[in-house]
Amino acid sequence: QKEVEQDPGPLSVPEGAIVSLNCTYSNSAFQYFMWYRQYSRKGPELLMYTYSSGNKEDGRFTAQVDKSSKYISLFIRDSQPSDSATYLCAMTGSARQLTFGSGTQLTVLP
Amino acid sequence: EAGVAQSPRYKIIEKRQSVAFWCNPISGHATLYWYQQILGQGPKLLIQFQNNGVVDDSQLPKDRFSAERLKGVDSTLKIQPAKLEDSAVYLCASSLEGHSNQPQHFGDGTRLSIL
């Protein structure tokens, strides 16, 4: 079993839809949770960074962490074609090493 | 602020040949990481440097991969000899310090194809 599981998709939604991206994990030592966006042939770009459980909002993006269920989510409101990319969840604990999910490929159709 | 710079962007070699990648981190970032990203997978850490010392190289295939960070700034990653399964994107990232609460910033990577 992988430490971090992420639905690979692909996920296709119409412009303006609310998108929900999710990851589950097994390592209870993870404390810091991140979402990266990766465009084709580009490096991952940090979108959201949260510590422990709770919600964090930044514009159209909301990150949610539920440590009791070992489940994290990223919500994108009013999705745009420019949001089309692969979204990677990542997490770390005291070991500092980032563990990534395999990524979800998202396409937002105009 | 300039981002993480990597070169070359693309490299094609035959198996058993050697190849080297270069990375220049964000100015002032003490910690540098090399990741391997195979198609359809998330990045996997190969090696982490703090200044010019190695912090973690537990997942580096040391029989063929080597990395150095002289003077605590630029870094090179080398593969010798290359195998077919080394085909991947090699990403460099940096952070201010190697603490869990310091986000990592990535370069655009070197896409390596082994024939």
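Just so you know, all these numbers are worked out from the coordinates, no wet-lab data involved. Here the structure is a predicted model, which is why all the values come from computation and not from measurement. Ideal geometry is used to build each Cβ from the backbone, glycine not excepted, and the neighbour counts take in all protein chains shown.
Can you compute the radius of gyration and Dmax for chain B, using only the Cα atoms, both in Å?
Every Cα atom of chain B included, Rg and Dmax give 13.3, 40 Å.
Where the only charges are on Cβ atoms (+1 Lys, Arg; -1 Asp, Glu), what is the dipole of the protein assembly as shown about its Cα centre, to the nearest 20 debye?
Details: 22 positive and 21 negative charges, 115 e Å.
So the magnitude is around 560 debye.
Working from the pairwise distances between different alpha carbons, so that the mean of 1/r is found and then inverted, what is chain A's Kirkwood radius in Å?
13.9
Taking only Cα atoms and a 10 Å spring cutoff, compute GNM fluctuations for chain A and point out the largest among A:97, A:64, A:80.
Most flexible of the set in this elastic network: A:97.
When ranked by the protection proxy of mean other Cβ atoms within 10 Å per residue, highest first, what sequence do the peptides B:50-58, B:104-112 form?
Details: B:50-58: 13.9, B:104-112: 22.4.
Those peptides, ordered most packed to least, come out B:104-112, B:50-58.
May I have the pair-distance distribution P(r) for the protein assembly as shown, computed from all Cα-Cα distances with 5 Å bins from 0 and rounded to whole percent?
The distribution over the protein assembly as shown is 1, 7, 15, 18, 19, 17, 12, 7, 4, 1, 0, given as percents.
May I ask you to derive the relative contact order of chain B, considering only C-alpha pairs under 8 Å and at least 6 residues apart, and to give it as an integer percent?
Values: 291 pairs, mean separation 42.5, N = 115.
In percent, rounded to a whole number, it is 37.
Taking every residue in A:37-43, how many Cβ atoms of other protein chains lie within 10 Å of its Cβ, on average?
Per-residue shielding by partner chains comes out at 5.
Residue B:59 to residue B:80: extension gain in nm, 0.36 nm per residue of separation minus the Cα-Cα distance?
The span from residue B:59 to residue B:80 would gain 5.9 nm if fully extended.
Sort out for me the Cα centre separation of segment B:55-98 from segment A:50-73, rounded to whole Å.
Their Cα centres are 31 Å away from one another.
With unit charges on the beta carbon (Lys/Arg positive, Asp/Glu negative), name the residue among B:2, B:103, B:114 whose Cα is farthest towards the positive pole of the charge dipole of chain B.
B:114
Under the definition of partner shielding as Cβ atoms of other protein chains within 10 Å of a residue Cβ, what is the mean value for peptide B:38-46?
Working: counts 1, 0, 5, 6, 16, 10, 4, 5, 0.
Whole-number average of other-chain Cβ neighbours for B:38-46 is 5.
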